[in-house]
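Every number here is computed from the coordinates shown, using simple stated rules; none is lab data. Small disclaimer: the values here were computed from a predicted structure and weren't measured. When we count neighbours, we look across all protein chains shown, and the Cβ atoms used for this are built from the backbone with ideal geometry, even at glycine.
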């Protein structure tokens, strides 16, 4: 019997399956692979959030759809909570399998949005309301208080959490509690002058260069007044001011602030009919307004008479689907991103970047292997899809294949550096190329020129690394997927020093394609300097620091000249061979 248990345990371990006695909602997840569990969860959550849900209050029944009231379920966190055998020791598997475990999805629920929905669905139920200021005929007047009821939002939130835990659309019942106003007309009238002298006129909500205004001067009815629960000092207002949650939710909807929000771009990794790895989507995070926090910040601004606040945003992670065979190999999650831009590149350079980038998309790097950029790149000529770019050399301007491939190698280099992988070989450019400074500045470039210069790095992670490389407009991405370990990578730089001026005398190179006496500038003068980055990798509490040092030479301006160059105009400063791949 014990032997049978260990055989079963070994099966779960080898195939990285969910261990026994793990339940979600009404379904056992035991024996599911990562991709099967992810697909199952995605389907159940989508159905749960899209189905109609009955909601009842005081004899009236209405319906809501949960995805319409700002309820979101964190699928990635749920997947992280699932106990896959590949992540556990044998002792942990036996322990958890014996006792079993129920796992429930976690959700974000907006109380302000719930209050708005209740107001919309059940407007006939009389709400209790404190006296408040309203604008009538251009004058601030007091709207009287009224007795009524208030919805018990905590009870409704608890019901929703129970439904989410079991992914079931059970009817929701709103409890209303009798409520008496605590701020009366007399209270506001007696303190009117003091209140109006400190009444907030506008609060600006800003994010970067965008701005929205909450105009309380035009909408004083948006302000709730509550008596402070303590003895106030002389001259201090006896009321605390808060933004009515229902009006806040309406303001967010009406103000077009949703333009700040971006949906995540999900990604599905799969194998085609020939077994080749393909990517659908690009695994790009989105963002959303943190409504609960924003309301709290606004209320704090009201209390402290702040005129401007920053809109808080939260990251919305994309969904990532990975087939079982890759997950078994350790391809489970993103581990790093390399990113560069090449704005201003000529057409042939852009073409070559696209051709070169495609050579690396879907590549698998085995654990323990040293990856060679040149080996994967292969032959660079017209037969492999590349176009020629003019390259300046001592003997003249020569068209060569592959201009732009250093953009590809530099981007992959960054992905390897940011992943904390050991760099076996890297050659910086001779002089500072502007393309590689468009993101993060200088000092993180890697030139290649087969067979003399290569980019090589070691995969010292626990599993395979899968490469996803693609061009998006004038942006180039290399994304590594694998298994994260305990390493933490920090980058610090660039630190620029030892600047030197560019040579004053330009370089002239004869070009037979230009007319006699015609001159064309093909390179601006560049000053020289040193660029220094620090990479700090922390593992098991120990931090190791390494320097990434680059010395860029100063170079003169370069001109192409039609016809023969006179002795007076010729410059002999161009000595070194130029890398055509730059």
The stretch 398-528 shape via C-alpha gyration tensor axes, a/c threshold 1.5: prolate
Relative packing of 401-414, 242-255, which averages over residues the other C-beta atoms within 10 Å, highest first: 401-414, 242-255
Highest to lowest packing among 305-313, 102-110, scored as the average C-beta count within 10 Å: 102-110, 305-313
Whole-number percent relative contact order across the chain, with pairs defined as alpha carbons under 8 Å at least 6 apart: 10
Whole-number percent relative contact order across the stretch 102-162, with pairs defined as alpha carbons under 8 Å at least 6 apart: 32
Full-extension gain in nm, residue 268 to residue 74, via 0.36 nm per residue minus C-alpha separation: 68.1 nm
Angle between the chain longest axis and helix 405-418 axis [Cα atoms, degrees, rounded to 10]: 50
Between helix 245-254 and the chain: long-axis angle, C-alpha atoms, 0 to 90°, nearest 10: 40
Mean separation of Cα contacts under 8 Å, 6 or more apart, over the residue count of the stretch 2-316: relative contact order %: 15
Full-extension gain in nm, residue 166 to residue 501, via 0.36 nm per residue minus C-alpha separation: 113.7 nm
Cα→Cβ-extended label distance, 7 Å offset, between residue 146 and residue 259, nm: 3.7
Peptides 544-553, 80-89 ordered by average Cβ neighbours within 10 Å, highest first: 80-89, 544-553
Prolate/oblate/rounded call for the stretch 329-561, Cα gyration tensor, a/c under 1.5 rounded: oblate
Reciprocal mean inverse distance between Cα atoms of the stretch 2-316 - Kirkwood radius, Å: 23.4
Using alpha-carbon coordinates, inclination of helix 347-358 to the longest axis of the chain, degrees: 70
Stretch gain in nm, segment residue 487-residue 92, where the contour uses 0.36 nm per residue and the Cα spacing is subtracted: 139.9 nm
Distance histogram for the stretch 249-396 (every C-alpha pair counted, 5 angstrom bins, percent rounded to whole numbers): 2, 6, 10, 12, 12, 12, 10, 9, 8, 7, 6, 4, 2, 1, 0
Sum of -39500 (n - 2.57) over DSSP H runs of 4+, divided by residues of the chain (222 nm, nearest 500): -7500 deg cm²/dmol
Cα gyration tensor shape of the chain, rounded if a/c is under 1.5, else prolate or oblate by comparing a/b with b/c: oblate
